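Chemist: Sharing a structure with you now.
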């Protein structure tokens with residue numbers, strides 16, 4: 001993986017630097033040409049400004065007057081005034097304005113034959129040698145402005161080039177060109193801007209290249225290229241030269257096409273060595289940067305991967321632990337479930353297996369009781385046994401019910417149950433039973449107080465509570481059954497005046513097979529309250545011991561009230 | 001003062017000045033160069049050049065009697081005004097020694113009248129309209145003086161400085177008349193443009209009017 005990434009990166013870098021190389025070369029060429037174009041633009045502007053300025057000069061009435069009114073002696077003095085601001089002040093040279101009019105270094109007038117009119121005081125108009133002055137002359141006066149270049153100075157080393165512009169002076173009287181004004185000024189020397197700072201440019205004039213600071217070999221190559229350019233008779237030429245293994249860009253352009261002065265050419269040379277060195281450096285920089293990036297990438301990815309994998313590893317360990325724990329829990333659950341199932345099954349089986357013998361037993365006892373020759377003592381004994389079978393059946397029924405509840409098979413079919421009716425029915429039953437204690441039963445259940453539940457089981461809850469209240473009462477005691485609706489719930493309280501349940505027993509009274517301290521004396525099997533509470537909970541309510549003191553023990557069942565619609569529909573008319 | 005009134009003025013001047021002498025006259029017509037320009041209604045004359053030759057447009061000629069005449073004690077001052085960027089009159093013949101004023105009659109334009117002519121070089125410098133004293137020059141050498149303005153390069157004016165007091169400007173059809181001339185043998189000359197001056201020998205007799213036509 002690492003090798004693939006490294007390989008891809010290296011390939012990418014190789015193409016990047018190759019691309020950079022070619023882009024750089026193109027950029028250099030473009031920069032070179034753009035710089036030249038900018039230079040030419042500046043020159044054009046300068047030339048245009050100069051020509052405009054000079055045209056205004058040659059239209060000056062005094063110059064015309066001197067030429068036309070035969071006052072040549074006044075020509076230079078007049079021009080001195082007019083050209084004062086264009087001439088470079090020798091004592092105090094001013095820098096040229098690039099876009100403005102440059103300062104002239106000399107000027108001369110040409111007469112009608114194109115010969116130089118000698119100035120009376122050369123110091124005022126720029127001193128020129130005889131040879132230089134002769135170069136200004138033209139065979140005939142030009143009709144338009146002419147651009148030329150003047151080589152000044154004798155030796156090749158000191159020689160400089162002045163740009164000259166010859167402007168025709170047209171007589172306002174004859175409309176003919178009667179003279180010309182030749183102005184010379186230093187050629188524009190603008191440091192090229194942009195990336196081509198090592199470009200040099202010069203002038204080729206009369207077989208002589210004015211380009212100081214050029215090595216001999218380059219000069220020879222440029223001369224050769226120049227001759228090729230001249231032979232091809234092109235307007236401009238751009239070429240590449242290899243000199244001593246170095247690449248040079250060169251550019252040639254004729255500067256004064258159609259001029260009456262000798263042709264001059266601009267020669268620009270741009271050695272690419274520096275640029276190539278820079279490019280070389282750039283290549284190494286790219287490679288170096290790539291390598292560093294790659295290294296950093298490796299390290300970073302390694303670190304990140306490590307950081308990312310840590311939680312995964314932890315997760316793996318955790319999940320292993322979890323699985324073990326879950327397995328344990330599942331096993332425990334399964335065993336619990338099995339246990340529950342087994343106990344439930346046992347309970348159910350036991351109930352079923354018990355019910356049949358009890359029925360057989362009762363039938364046998366009833367048959368014995370039906371015999372005529374039965375002694376009274378025997379009859380009483382058998383009656384007691386018969387009664388016990390009923391108790392046994394009740395216990396078995398309760399156990400069956402509980403086991404069904406434990407198995408989750410008991411489903412309450414919710415409907416509206418009129419609690420007052422249920423209470424009435426049970427009180428009727430209660431009155432039918434023998435009442436050895438002479439209990440005083442009072443009810444206070446509002447008519448139509450309905451709960452949500454199944455009548456059969458709601459009735460069973462009440463039955464258990466009432467039986468408890470009766471069983472644990474004292475002689476001549478009271479039972480009070482009351483119902484009320486409060487805070488969105490229906491409460492039914494069953495109170496009796498039996499002895500108090502000791503506080504230490506109170507938490508256990510709802511447990512299965514738990515009985516009161518004096519329970520031994522009282523009939524019952526200890527699952528009544530547990531059953532009632534389970535049923536109350538199945539109804540979405542609760543059964544609680546509200547209070548138990550010496551005088552009064554009270555249980556309270558909370559039910560959900562009947563839903564209004566069903567309550568209304570099922571309420572008897 | 002327009003050219004016609006000047007002309008009339010000059011004629012009257014010529015007629016009355018040498019009043020004490022025996023008088024002769026000469027009249028005739030100068031054949032003026034043909035002009036293609038439309039007749040000038042406003043009678044404004046300007047100096048034009050054609051082939052390097054200065055003349056007025058429409059063409060006018062100056063006819064003068066060449067000879068040796070006694071110098072007058074005083075000469076009237078003449079004027080060449082600048083108005084609407086033109087010299088008025090465009091062509092002024094004067095006798096040598098005449099003082100000529102150059103009033104600027106523009107509304108708010110400066111002028112700088114100068115001349116590089118061999119007959120008279122001068123430069124009045126810049127001056128405002130109604131400059132006081134009015135810039136002037138005295139013309140001591142005979143010859144043609146070209147007036148220019150350094151500010152308005154197209155402006156041209158001509159002053160023809162003559163050694164004679166007897167001269168007249170023709171009307172635009174070329175007719176002229178010189179009166180009050182001394183009797184004798186003279187040369188009558190007609191200046192037509194800066195390069196063309198025609199001449200004609202003439203014998204003037206007292207009390208008679210000679211007739212000379214310049215072809």
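The values are calculated or read from the model by the stated rules, or taken from the named source; none is laboratory data. All figures in this text were calculated on a predicted structure; none of them were measured in a lab. Here Cβ is always computed from backbone atoms with ideal geometry, including for glycine, and neighbour counts include all displayed protein chains.
Chemist: In the range A:342-458, which strands (runs of 3 or more DSSP E) lie fully inside it and hold 1 or more residues that are free of Cβ contacts under 8 Å to residues at least 40 places away in the same chain?
Modeler: On the way: elements: A:415-418, A:440-444, A:450-453.
The qualifying strands (runs of 3 or more DSSP E) are A:440-444.
Chemist: Taking only pairs six or more apart or across chains, which ones have beta-carbon atoms under 8 Å, a first residue in the range A:43-72 that is more than 14 Å from every other protein chain (Cβ to nearest Cβ), and a second residue that is modelled with pLDDT of 75 or more and assigned to a loop (DSSP other than H, G, I, E, B)?
Modeler: Short answer, once both residue conditions are applied: A:51/A:145; A:54/A:145.
Chemist: Follow-up question, since we're still on this one. On the given criteria, is residue A:166 at pLDDT 85 or above, within 23 Å of residue A:86 (Cα to Cα) and touching a strand residue (DSSP E or B) at 6+ places or on another chain (Cβ under 6 Å)?
Modeler: On the way: at pLDDT 85 or above: yes; within 23 Å of residue A:86 (Cα to Cα): yes; touching a strand residue (DSSP E or B) at 6+ places or on another chain (Cβ under 6 Å): yes.
It is true that residue A:166 is at pLDDT 85 or above, within 23 Å of residue A:86 (Cα to Cα) and touching a strand residue (DSSP E or B) at 6+ places or on another chain (Cβ under 6 Å).
Chemist: Got a number for residues in the range B:103-133 being more than 10 Å from chain A (Cβ to nearest Cβ), in contact (Cβ under 8 Å) with a residue 40 or more places away in the chain and under 21 Å from residue B:75 (Cα atoms)?
Modeler: Count: 1.
Chemist: Given the options B:80, B:53, B:63, name the one that is in contact (Cβ under 8 Å) with a residue 60 or more places away in the chain, under 24 Å from residue B:188 (Cα atoms) and more than 14 Å from chain A (Cβ to nearest Cβ). Walk me through it before giving the result.
Modeler: Values: B:80 fails: under 24 Å from residue B:188 (Cα atoms); B:53 fails: more than 14 Å from chain A (Cβ to nearest Cβ).
Exactly one residue qualifies, and that residue is B:63.
Chemist: OK, next. Residue B:17 passes all but one of (1) surrounded by fewer than 16 Cβ atoms within 10 Å (Cβ to Cβ); (2) more than 14 Å from every other protein chain (Cβ to nearest Cβ); (3) at pLDDT 85 or above; which number fails?
Modeler: Failed condition: (3).
Chemist: Looking at the range A:1-85, what helices (runs of 4 or more DSSP H) fall wholly within it and have at least 2 residues that are on the phi > 0 side of the Ramachandran plot and either at pLDDT 75 or above or over 46 Å from the mean Cα position of the chain (by Cα) (or both)?
Modeler: Values: elements: A:2-58, A:61-68, A:75-82.
In the range A:1-85, there are no helices (runs of 4 or more DSSP H) which contain 2 or more residues that are on the phi > 0 side of the Ramachandran plot and either at pLDDT 75 or above or over 46 Å from the mean Cα position of the chain (by Cα) (or both).
Chemist: Do we have any residue at all in the range B:171-191 that's in contact (Cβ under 8 Å) with a residue 12 or more places away in the chain and within 14 Å of another protein chain (Cβ to nearest Cβ)? Outline the logic, then answer.
Modeler: Our first condition is that a residue be in contact (Cβ under 8 Å) with a residue 12 or more places away in the chain; within the range B:171-191, this holds for B:171-191.
Subset that is within 14 Å of another protein chain (Cβ to nearest Cβ): none.
Looking through the range B:171-191, none of the residues is in contact (Cβ under 8 Å) with a residue 12 or more places away in the chain and within 14 Å of another protein chain (Cβ to nearest Cβ).
Chemist: If you don't mind, another one. Scanning the range B:136-160 for residues that are away from chain A (no Cβ under 12 Å) and crowded, with 20+ Cβ neighbours inside 10 Å, which turns out farthest from residue B:92 (Cα to Cα)?
Modeler: Going through the range B:136-160, the residues away from chain A (no Cβ under 12 Å) turn out to be B:136-142, B:157, B:159-160.
From what's left, crowded, with 20+ Cβ neighbours inside 10 Å: B:137, B:139, B:157, B:159-160.
Numbers: B:137: 14, B:139: 12, B:157: 8, B:159: 5, B:160: 6 Å.
Only one residue tops the list, namely B:137.
Chemist: Further, regarding this structure: If I filter the range A:113-128 for residues that are touching a strand residue (DSSP E or B) at 6+ places or on another chain (Cβ under 8 Å), surrounded by fewer than 20 Cβ atoms within 10 Å (Cβ to Cβ), within 14 Å of chain B (Cβ to nearest Cβ) and at pLDDT 80 or above, do I get at least one hit?
Modeler: For the range A:113-128, residues touching a strand residue (DSSP E or B) at 6+ places or on another chain (Cβ under 8 Å), surrounded by fewer than 20 Cβ atoms within 10 Å (Cβ to Cβ), within 14 Å of chain B (Cβ to nearest Cβ) and at pLDDT 80 or above: absent.
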